[in-house]
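Reading through the structure tokens given below for one structure.
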Amino acid sequence: MEQSRFETSELQASFMMATPLWSDSWSLCDVADRSRSIQIQHIGGIMYVALPEVEVTQPDDLVVMEVARDGPFSALSTSLLSDELPPMVNGAIRDLFVSSALHIQSQITQGLEMEERKQVVITGHSTGGAVATLTALWLLSQPSKLSFRLLCITFGAPLLGNQSLSSSISRSRLAHNFFNVVSIHDLSPRRNDDLWPFGTFLFCSDKGGVCLDNATSVRRMFLILNSTGTQSIDERPRYEHYVSTLSHQFLISRSFPGDSLSDNSYQAGVALAVEALGFSSDHPSGVSAKECIEAATKISRAPILRSSELANELGNVVRWRLDIQWYKDKCDASSMQLGYYDNFKVMSKSEIRVIKSRVLLAKFWDGVLEMLEKNELPFDFHLGKKWVFASQFYQLLAEPLDIAYFYKYDYSRTKGHYMENGNRHKRYVVIEKWWKERGERHKEKRSRTQYASTTQDTCFWAKLEEAKECLDDMRSESIDEQRRSLLWEKIGAFESYAATLVKMKEVSVDVLARNSSYRVWVERLREFKLKVGYMVADENAMEIH
């Protein structure tokens, strides 16, 4: 395995240096810093937005970020762990962000409308880079998906927040939007050991650069650099030098001291990466850097290997999904005409096979989501077609059974309905989000010629249960007119929604089974309308007169 591996941190750095992204970003940062104002420029189909460096005199006091669902950083709300401290950010940087965010958003919107560009790079040097990072994070947290691709490139920016912020950004799959250029001599990004990095870091020296994208590895590299004592207060000339010279360095043949470059591709890659940082391989700092890069390589490879293993495990769990599919087909063909959902609600525990398969499938998918939360899988894992469709097939079959179980054993008016108070399992919320992010739900649907194999709204039965309760409450004589009007509105909304699904054939045949909960509800609603219809007409007539 060792002989076939490649160490790519130095290659990644060379590739980034070879693109115009970092040179164009730096050029505009320089203009922004000198003019002390936000600069916008359109280059090669990309809109660059540079924020100026601002002198900050306040200490690095951290304040809690607003990550509630209606807060400015709501994208992080679903990625927080229950036992984790809240995400916190540098208070001074937060204040600078608040004073400029809306203006920046307005400038971006106008620029995109005028030029019809679909890619935006937000950049900044030093504190300008920190504000740019927070601005990019805010834009990525907007409720609706951005209409443009966004990349944030910073130069010598101080770190923003605590470990919870770094972890939640990684779990939210947003870290790949951030690229941080750091001189090995620059003290600013590494002056506070309590702060944590996120995104990809390009460490630059006069001899080249190395890319690291794991927070732990970046922190370790900061510690190594702090131990060397190579610190400089004014790093602006160095960044100017890196941009002007390193962009072409990848074209120059490398000379390695003593022609001692290993024939092993992996060891050769590590040696080149250590050299690119300006360290000697036999110096203590070089040895530490080598160990850091090797550890980072193992960390970066682990998600890919785990994803491959998981693909094999997915094949092994197909039999459990087929067990549930078999059970559904059996229910659909039953002479009882109850349907899939209602059969499971009244099913005895003697049919242990489908119960066991449902539990095992839930355990598998919960394990997948846990690995994602721990960043044990590639950042774009959830965008893979195999996993999007596999998870969707699972949800379409399994969630109706979970809803049936909930209303059979767990529901009470105090606890609330399935879709209230966090009663719906997180796995389904996440899988639904994957489906939306991939854009599958927005694709134009062809009209069906026959009913779907599974009802396309996996929460259909939960909505029916709410409508059933509304109809029961309508029959009560003790409710007031305001409550009655609200209930009637909810009933009408569900009736219309369900009728549309049936008309579009977006439901499975189990919904229309003769004795299904839905068919029974429709009949009860018809009888109720007949019973109160004349009274409603009389009341309307009285109002007219």
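The values are calculated or read from the model by the stated rules, or taken from the named source; none is laboratory data. Values in this document were obtained by computation on a predicted structure and should not be read as measured data. FYI the Cβ positions are ideal-geometry reconstructions off the backbone, even for glycines, and counts take in every protein chain you see. With ligands, DNA and RNA removed, areas are computed over all heavy atoms of the protein, side chains included. Shrake-Rupley method; radii C 1.70, N 1.55, O 1.52, S 1.80 Å.
Across segment 282-318, what is the number of residues that are among the basic types (Lys, Arg) and in contact (Cβ under 8 Å) with a residue 24 or more places away in the chain?
Restricting attention to segment 282-318, the residues satisfying the condition of being among the basic types (Lys, Arg) are 290, 298, 301, 306.
Subset that is in contact (Cβ under 8 Å) with a residue 24 or more places away in the chain: 301, 306.
Of the residues in that region, 2 qualify.
What are the residues in segment 74-97 that are out of contact with any Pro (no Cβ under 9 Å at 6 or more places or on another chain) and β-branched (Val, Ile, Thr), if any?
Thr78, Val89 - these are the residues of segment 74-97 that are out of contact with any Pro (no Cβ under 9 Å at 6 or more places or on another chain) and β-branched (Val, Ile, Thr).
Before we move on, is Lys408 assigned to a helix (DSSP H, G or I), under 27 Å from Ala513 (Cβ atoms) and open to solvent by less than 30 Å² (accessible area, probe 1.4 Å)? Give the derivation first.
Numbers: assigned to a helix (DSSP H, G or I): yes; under 27 Å from Ala513 (Cβ atoms): yes; open to solvent by less than 30 Å² (accessible area, probe 1.4 Å): no.
Judged against the criteria, Lys408 is not a match.
I'd like to check something: does segment 369-379 contain any residue that is part of a loop (DSSP other than H, G, I, E, B), in contact with a His (Cβ under 8 Å, 6 or more places away or on another chain), in contact (Cβ under 8 Å) with a residue 24 or more places away in the chain and within 20 Å of Ala215 (Cβ to Cβ)? Even if it seems obvious, please write down each step before you answer.
So in segment 369-379, the residues part of a loop (DSSP other than H, G, I, E, B) come out as 374-379.
Next, only the ones that are in contact with a His (Cβ under 8 Å, 6 or more places away or on another chain) stay: 379.
Keeping just the survivors that are in contact (Cβ under 8 Å) with a residue 24 or more places away in the chain gives 379.
With the extra rule that they be within 20 Å of Ala215 (Cβ to Cβ), the set shrinks to 379.
Yes, some residue in segment 369-379 is part of a loop (DSSP other than H, G, I, E, B), in contact with a His (Cβ under 8 Å, 6 or more places away or on another chain), in contact (Cβ under 8 Å) with a residue 24 or more places away in the chain and within 20 Å of Ala215 (Cβ to Cβ).
What number of residues in segment 18-50 are more than 28 Å from the chain's Cα centre (by Cα), part of a helix (DSSP H, G or I) and surrounded by 15 or more Cβ atoms within 10 Å (Cβ to Cβ)?
10
Looking at (1) closer than 19 Å to Ala302 by Cβ; (2) open to solvent by less than 10 Å² (accessible area, probe 1.4 Å), find the lone condition where Ile403 falls short.
(1)
Just the residues that are within 23 Å of Arg526 (Cβ to Cβ), open to solvent by 30 Å² or more (accessible area, probe 1.4 Å) and either touching a Phe, Trp or Tyr at 6+ places or on another chain (Cβ under 8 Å) or among the hydroxyl-bearing types (Ser, Thr, Tyr) (or both), please, taken from segment 446-500.
Tyr451, Lys463, Glu466, Lys468, Arg475, Ser476, Ser485, Ser496, Tyr497, Thr500
Pick from Leu140, Leu96: which is within 20 Å of Ala75 (Cα to Cα) and either of a type outside the set (Ser, Thr, Tyr) or surrounded by fewer than 20 Cβ atoms within 10 Å (Cβ to Cβ) (or both)? Give the steps one after another, and end with the answer.
Numbers: Leu96 fails: within 20 Å of Ala75 (Cα to Cα).
Going through Leu140, Leu96 in turn, just one is within 20 Å of Ala75 (Cα to Cα) and either of a type outside the set (Ser, Thr, Tyr) or surrounded by fewer than 20 Cβ atoms within 10 Å (Cβ to Cβ) (or both): Leu140.
Somewhere in segment 266-288, is a residue farther than 29 Å from Leu134 by Cα, open to solvent by less than 70 Å² (accessible area, probe 1.4 Å), at pLDDT below 80 and among the aromatic types (Phe, Trp, Tyr)?
Checking segment 266-288: at least one residue is farther than 29 Å from Leu134 by Cα, open to solvent by less than 70 Å² (accessible area, probe 1.4 Å), at pLDDT below 80 and among the aromatic types (Phe, Trp, Tyr).
For segment 176-195, which positions are more than 25 Å from Val63 (Cβ to Cβ) and either in a loop (DSSP other than H, G, I, E, B) or of a type in the set (S, T, N, Q) (or both)?
The answer is Ser183, Ile184, His185.
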